[in-house]
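Structure first, then comments.
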Amino acid sequence: MPDEMEFTRNRSGQSCELVLKGRLDAASSESLDKEIDEIVHSGGRHIGLDMGSVTYMSSAGIRSLLRNFKEFRKFGGSICVKNPSTSVSTVLKLTKLEALLSGAKPEDRSANDEQSGEQKWKKLAHDIPGLSCEIRKSASASPFRCVTYGDPGKLGKMKFQKDDMHSVRLDDDDFSIGIGAFGVDYEDCIGRFGEFIAVSGCAACLPSDDTKFPDFVSKKENLLPELKVLYSIGFKGEPSTSIRFETPPEKRRTGISDILGIALGASKTQTLGIVMVAESAGLVGASLKSSPVADGDLDFFKHPEIRSRLDFSPERIFDRSMVLVCGVVSMLENAKSSEFLRPAGSFSGKNIYGHLHAAVFSFHALPKSEIDLRETVRDLFEDRKLLGLLHLICDSREISGIGESLFAGGVIWTGEINQSDNVVNA
């Protein structure tokens, strides 16, 4: 049995030296990727790979180094080879990658670049210890137009029928969540209706049948994602505000209610459409285990039958993953479309109501510079593995409640939803 590669970490702040010992081949390159991912998860952004004790490096090892180099460059980090062994040095020279992989050190970045980055974001004041928030606003963006389909109240009695289904096509400026399915017609979808999320021309749905594997469709040229929807709430338009938030490595978690509260506090209205891409520190949520179509006059939420209809996370799940969140939140108890909203926590003594879905992807770090919403969402669906989909909830039960979803850092895009006649029930 071949010897496994050995790794030793020497960490200092955001910089880390990772010492490799052994063969870097197809098997050990996966272990290297895991080591690097763990360093990034814990706050490391600049990694030096000491390869003085690497006796052999195959093409799989080269691929791993090159892939990680490109990923670190995207989010403003750095990764380089230090002290290469004769074997490693020879391979890097032959593949003409020696200069690429011995990239610039963090201190080589110009002060002008750092100053430019600071000028793009404005600090956001709040009273939450250990949470850094920076905000950008667009002067030209208009309020979101809220769009709803169907009656969410029919879920409680499982009274959805064929006439309740809507065929919905979703373009780049459409944002939506609810209960739906990918399929041809009602008969094709009847046993699979489940949670869905749609953001910027990409849509994902979690079937409620036995497969339990989320599926997705992305916009390609004139092909738009199309869902058969029982009910949904969403919005249409362009975000007016983006807020970057980050927790220090030693804290690494902030409750979603604090993030939503800061976003609501930065707005002129008390109701927002939101999209968030962030690193999860544990999610709390639920998903359908059976399709909520007409089945007599049943009480969906009755115990103990609900256990066969709803899959609830007994503890926080999907830690250290990338999450795409979309939904509507409000501090108004009687907001427009309030029938779609549920308690979502509190902030500064005020209740937050919302409806939020989250698509979960394999982890990758976000760039430190400004990021584009559509490009980021497309990258998630096209380059990352879709792991799950949840309706986020706040479990505030006094004794057994597990609380709310937690996040380490990310970006939230928002747009105001005015309490005027801009709500469309399609």
| query | Got at least one residue in region 363-378 being surrounded by 21 or more Cβ atoms within 10 Å (Cβ to Cβ), part of a loop (DSSP other than H, G, I, E, B) and at pLDDT 90 or above? | reply | no
| note | For region 139-161 the number of residues that are part of a loop (DSSP other than H, G, I, E, B), of a type in the set (Gly, Ala, Ser) and out of contact with any Phe, Trp or Tyr (no Cβ under 7 Å at 6 or more places or on another chain) is 4
| query | Across region 220-278, what is the total count of residues that are part of a loop (DSSP other than H, G, I, E, B) and closer than 16 Å to ALA408 by Cβ? | reply | 7
| message | Checking the conditions here, which among GLY282, GLY237, GLY201 is more than 21 Å from HIS364 (Cβ to Cβ) and of a type outside the set (Ser, Thr, Tyr)? | response | GLY237
| request: Would you mind finding the one in ASP299, ASP311, ASP319 that is surrounded by fewer than 20 Cβ atoms within 10 Å (Cβ to Cβ), acidic (Asp, Glu) and not in a loop (DSSP other than H, G, I, E, B)? | output: ASP311
| request: Exactly one condition in (1) at pLDDT below 95; (2) buried (at least 19 other Cβ atoms within 10 Å of the Cβ) is not met by TYR231; state its number. | output: (1)
| Which one is surrounded by the most Cβ atoms within 10 Å (Cβ to Cβ) among residues in region 162-196 that are among the β-branched types (Val, Ile, Thr) and assigned to a loop (DSSP other than H, G, I, E, B)? | ILE190
| Quick one: how many residues across region 328-353 are at negative phi and among the small types (Gly, Ala, Ser)? | 5
| message | Being outside any loop (DSSP other than H, G, I, E, B) and more than 12 Å from the chain's Cα centre (by Cα) is the filter here; which residues of region 279-289 pass it? | response | GLY285, ALA286, SER287, LEU288
| field | Inter-residue pairs, beta-carbon under 9 Å, first under 11 Å from GLY345 (Cα atoms) and in region 249-269, second outside any helix (DSSP H, G or I) and among the hydroxyl-bearing types (Ser, Thr, Tyr), 6+ apart | value | GLY255/SER405; ILE256/SER405; SER257/SER346; GLY261/SER346; GLY261/SER348
| said: Give all pairs with beta carbons closer than 6 Å in which a residue from region 33-44 that is more than 18 Å from THR247 (Cβ to Cβ) meets a residue that is surrounded by fewer than 16 Cβ atoms within 10 Å (Cβ to Cβ); count only pairs at least 6 apart in sequence or on separate chains. | reply: none
| If you check every pair at least six apart or on different chains, which have Cβ atoms under 7 Å apart with a residue in region 83-94 that is more than 17 Å from LEU66 (Cα to Cα) first and a residue that is of a type outside the set (A, V, I, L, M, F, W, C) and at pLDDT 90 or above second? | ASN83/ASP50; ASN83/GLY52; SER85/GLY52; SER85/SER53
| request: Among the residues of region 62-94, write down those that are surrounded by 15 or more Cβ atoms within 10 Å (Cβ to Cβ) and either touching a His at 6+ places or on another chain (Cβ under 9 Å) or β-branched (Val, Ile, Thr) (or both). | output: ILE62, GLU71, PHE72, LYS74, PHE75, GLY77, SER78, ILE79, CYS80, VAL81, VAL88, VAL91
| query | Filter region 379-406 for residues that are hydrophobic (A, V, I, L, M, F, W, C) and in contact with a Leu (Cβ under 9 Å, 6 or more places away or on another chain); which is surrounded by the fewest Cβ atoms within 10 Å (Cβ to Cβ)? | reply | LEU386
| query | Mind checking which pairs have a first residue in region 57-78 that is under 15 Å from SER28 (Cα atoms) and a second that is of a type in the set (Asp, Glu) and in a loop (DSSP other than H, G, I, E, B), Cβ under 8 Å, 6 or more apart or different chains? | reply | MET57/ASP25; SER58/ASP25; ALA60/ASP25; GLY61/ASP25
| query | Out of all the residues in region 162-187, which are within 23 Å of VAL328 (Cβ to Cβ) and either more than 25 Å from the chain's Cα centre (by Cα) or among the basic types (Lys, Arg) (or both)? | reply | ASP164, MET165, HIS166, SER167, ARG169
| task | Would you point out which residue out of SER321, SER337 is small (Gly, Ala, Ser), under 25 Å from CYS202 (Cα atoms) and under 13 Å from the mean Cα position of the chain (by Cα)? | result | SER321
| request: Determine if region 202-211 includes at least one residue that is part of a loop (DSSP other than H, G, I, E, B) and of a type in the set (Asp, Glu). | output: yes
| request: Residue by residue through region 342-374, note down the ones that are without any contact (Cβ under 8 Å) to a residue 40 or more places away in the chain and either in contact with a Ser or Thr (Cβ under 9 Å, 6 or more places away or on another chain) or under 17 Å from PHE407 (Cβ atoms) (or both). | output: TYR353
| query | From LEU223, LEU206, LEU230, which residue is free of Cβ contacts under 8 Å to residues at least 60 places away in the same chain and either under 20 Å from ARG378 (Cα atoms) or in contact with a strand residue (DSSP E or B) (Cβ under 6 Å, 6 or more places away or on another chain) (or both)? | reply | LEU223
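The values are calculated or read from the model by the stated rules, or taken from the named source; none is laboratory data. Note that this is a predicted model, so its numbers are computed, not measured. For neighbour counting, all protein chains shown are included, and Cβ atoms are generated from backbone atoms with ideal geometry for every residue, glycine included.
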